[in-house]
1. If a residue has to be open to solvent by less than 70 Å² (accessible area, probe 1.4 Å), part of a loop (DSSP other than H, G, I, E, B) and under 22 Å from Ala98 (Cβ atoms) to count, how many in region 127-149 make the cut?
2. Testing Gly22 on (1) surrounded by fewer than 15 Cβ atoms within 10 Å (Cβ to Cβ); (2) modelled with pLDDT of 95 or more, one condition comes back false. Which one is that?
3. Got at least one residue in region 119-126 being out of contact with any strand residue (DSSP E or B) (no Cβ under 9 Å at 6 or more places or on another chain), over 23 Å from Ser162 (Cβ atoms), crowded, with 19+ Cβ neighbours inside 10 Å and modelled with pLDDT of 95 or more?
4. Within region 170-177, can one find any residue that is polar (S, T, N, Q), closer than 22 Å to His78 by Cα and modelled with pLDDT of 95 or more?
5. Limited to region 91-110, what total is found for residues that are over 18 Å from the mean Cα position of the chain (by Cα) and either buried (at least 21 other Cβ atoms within 10 Å of the Cβ) or part of a helix (DSSP H, G or I) (or both)?
6. Can you pull out the residues in region 237-258 that are open to solvent by 50 Å² or more (accessible area, probe 1.4 Å), in a helix (DSSP H, G or I) and in contact (Cβ under 8 Å) with a residue 24 or more places away in the chain?
7. Could you count how many residues in region 197-208 are within 22 Å of Cys43 (Cα to Cα) and open to solvent by 50 Å² or more (accessible area, probe 1.4 Å)?
8. Output the qualifying pairs, or none if there are none: Cβ atoms under 9 angstrom, residues six or more apart or on different chains, first residue in region 119-132 and among the hydroxyl-bearing types (Ser, Thr, Tyr), second residue open to solvent by 60 Å² or more (accessible area, probe 1.4 Å) and assigned to a helix (DSSP H, G or I).
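The values are calculated or read from the model by the stated rules, or taken from the named source; none is laboratory data. Please read all numbers here as calculations on a predicted model, not as lab measurements. Methodologically, a virtual Cβ is constructed for each residue, glycine included, from the backbone with ideal geometry; neighbour enumeration extends over all protein chains shown. Ligands, DNA and RNA are excluded from the accessible area calculation, which covers all protein heavy atoms including side chains. Shrake-Rupley method; radii C 1.70, N 1.55, O 1.52, S 1.80 Å.
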Amino acid sequence: MTQAYIQEKACTANHCHITMLGTGEATVTKCYNTCFALCSPGCTMLIDAGGGNGILAQMERAGIGFDELDCLFVTHAHTDHILGAVWVVRMVMHSIAAGKRARAFAVYGHDRALTVLDAICTMTLPATYRSMRGKQIMLREVTDGEQLMCGDISLTFFDIFSTKEKQFGFCASLPGGLRLACLGDEPFNERNRALVENADWLLCEAFCLERDKDIFKPHEKHHSTALEAGMEASKLNAGHLLLYHMEDSSLATRKKDYTEEAGMFFKGKIVVPYDLETVSLAPPSQNG
């Protein structure tokens, strides 16, 4: 990435923020599957891409162009996270072919996720994918505990120790000293405490409300309630808590209900976003 490119992005982004492209769990129909863009002055990083070409509409509505994406991180190979990634790769290829993009596009993920993504892309995308693979389109495997830089964001990837499907979360150190920890879409595992404790922002799933757990059965799906997410955030001494990966039966009251339930244990700021909502990540000195 050139210095000119970083400076250009700094002109249009005065602070770090997250744009939630989707907030729902795998089977939602009233919102999009959970995925988001993590943006800093020097980087636009997409985390997952949902379950299909709905990602195209969400990115268009959010005003994020495929020519400006710096990288994509695929947490795991479940359909509601990886199938949209195929469309992202396809649109980046179009951007390169049209001369709108000169720099390479990196897709980060663990071995299992990248193997699945590469296989789908090879079988379904035009032959130009194979010619761009390893050149303009870089599938970059990351390992547990690995650190790397994407623009001005320092990333540490970690295994969440899922019992369903291999999945990685990540910690991000952003400009201004901000620390963000993304736990993926399963409950926190104690083995990752040293990585995520005391984060300024903790991003974690809250499949449903505690009062509705007999309806949605989150524990059978290896998920948490909003109450449990609040408990974990409190134990981890997080500064802010952002909840996602929720059922969509009660969108009208989601913000109020999930905030109140998580707030029974967590006393910091709680954010329960809707699709396409942008969440400002103020530096620690401004978090009060």
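1. 3
2. For Gly22, the failing item is (1).
3. No: zero hits.
4. no
5. Final tally of qualifying residues: 7.
6. none
7. Here the count works out to 0.
8. Qualifying pairs under 9 Å: Thr122/Arg130; Thr124/Arg90; Thr128/Ala97; Tyr129/Arg90.
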